[in-house]
Amino acid sequence: MTETIDVKMLSFTEKGDDRGRLVIVEGGQDIPFEIKRVFYIYGSDPDVVRGRHANRRSEFVLINVAGTSKVRVTDRKGNEMVIHLNRPHTGVYIPAMVWKDMYDFSPDSVLLVLSSEHYDPSEYIRDFDEYLKVWENGEA
Ligand code: TYD
């Protein structure tokens, strides 16, 4: 049986008037965590695959504030799901311990990432076999 991975599509309030548009993302309200870190990814060629990791603790929300990209999430059972990030007022919530790859970046892609944790390289799992072991051993 195929299970769905526990990611969640989010839709943010968009306010527009004749001056342009404004999107609101409030930590703890529009997304399910308080934001401790913000980073953004741009200038990646379309054939680049980024991510290729899971995080023991960090939860993320990904928003393509400009351009488009895709994120593929994979769980420990090999279930996969591809999310198309193509609108500045939508995002995807990715819980901890989900393997993720970001790819198919358009030339104008700016991928904004909100995180529940400060950067700690030791909570990044960059090897898929290790990711499976962490699950098996209940170490996350
Ligand atoms: P990396 O995790 O490979 O980026 P992504 O998975 O999003 O494609 O990070 C690239 C480099 O930037 C790596 O040397 C670690 C560093 N980095 C930080 O110092 N702080 C951060 O918050 C992030 C996300 C990365």
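The set of residues in the stretch 115-140 being surrounded by 17 or more Cβ atoms within 10 Å (Cβ to Cβ), farther than 19 Å from residue 33 by Cβ and within 13 Å of the ligand (Cβ to nearest atom) consists of 125 alone. A single member of 73, 38 is within 26 Å of residue 132 (Cα to Cα), part of a strand (DSSP E or B) and either open to solvent by 20 Å² or more (accessible area, probe 1.4 Å) or in contact with a Lys or Arg (Cβ under 7 Å, 6 or more places away or on another chain) (or both), and it is 73.
Which residues, counting only those in the stretch 15-39, are of a type in the set (D, E, K, R) and in contact (Cβ under 8 Å) with a residue 40 or more places away in the chain? Listed by number, the residues that qualify are 21, 34, 36, 37. For the criterion of being closer than 23 Å to residue 123 by Cα, more than 13 Å from the ligand (Cβ to nearest atom) and touching a helix residue (DSSP H, G or I) at 6+ places or on another chain (Cβ under 9 Å), residue 52 fails.
Among the residues making up the stretch 115-130, those that are more than 17 Å from the chain's Cα centre (by Cα) and under 18 Å from residue 75 (Cβ atoms) are 127, 128, 129, 130. Of the residues in the stretch 43-53, none is part of a loop (DSSP other than H, G, I, E, B), closer than 28 Å to residue 134 by Cα and open to solvent by 100 Å² or more (accessible area, probe 1.4 Å). For the list (1) of a type outside the set (Asp, Glu); (2) in contact (Cβ under 8 Å) with a residue 60 or more places away in the chain; (3) under 17 Å from residue 119 (Cβ atoms); (4) in a strand (DSSP E or B), I need the number of the one condition that residue 57 fails. In the conditions (1) of a type outside the set (Asp, Glu); (2) in contact (Cβ under 8 Å) with a residue 60 or more places away in the chain; (3) under 17 Å from residue 119 (Cβ atoms); (4) in a strand (DSSP E or B), residue 57 misses (4) alone.
Each residue in the stretch 76-114 was checked for being touching a Phe, Trp or Tyr at 6+ places or on another chain (Cβ under 9 Å), open to solvent by less than 20 Å² (accessible area, probe 1.4 Å) and not in a loop (DSSP other than H, G, I, E, B), and 8 pass. One residue stands out among those in the stretch 1-14 that are at pLDDT below 95 and open to solvent by 100 Å² or more (accessible area, probe 1.4 Å): the one that is nearest to the ligand (Cβ to nearest atom), which is 6. Out of curiosity, is residue 76 in contact with a helix residue (DSSP H, G or I) (Cβ under 8 Å, 6 or more places away or on another chain) and more than 16 Å from the ligand (Cβ to nearest atom)? Against the criterion (in contact with a helix residue (DSSP H, G or I) (Cβ under 8 Å, 6 or more places away or on another chain) and more than 16 Å from the ligand (Cβ to nearest atom)), residue 76 qualifies.
Residues in the stretch 15-43 that are within 22 Å of residue 70 (Cβ to Cβ) and within 16 Å of the ligand (Cβ to nearest atom): 38, 39, 40, 41, 42, 43.
The values are calculated or read from the model by the stated rules, or taken from the named source; none is laboratory data. Everything numeric in this text was worked out from a predicted model, so none of it was measured. Virtual Cβ from ideal backbone geometry, glycine too; neighbours counted across all protein chains shown. Note: areas computed on protein heavy atoms with side chains; ligands, DNA, RNA excluded. Shrake-Rupley method; radii C 1.70, N 1.55, O 1.52, S 1.80 Å.
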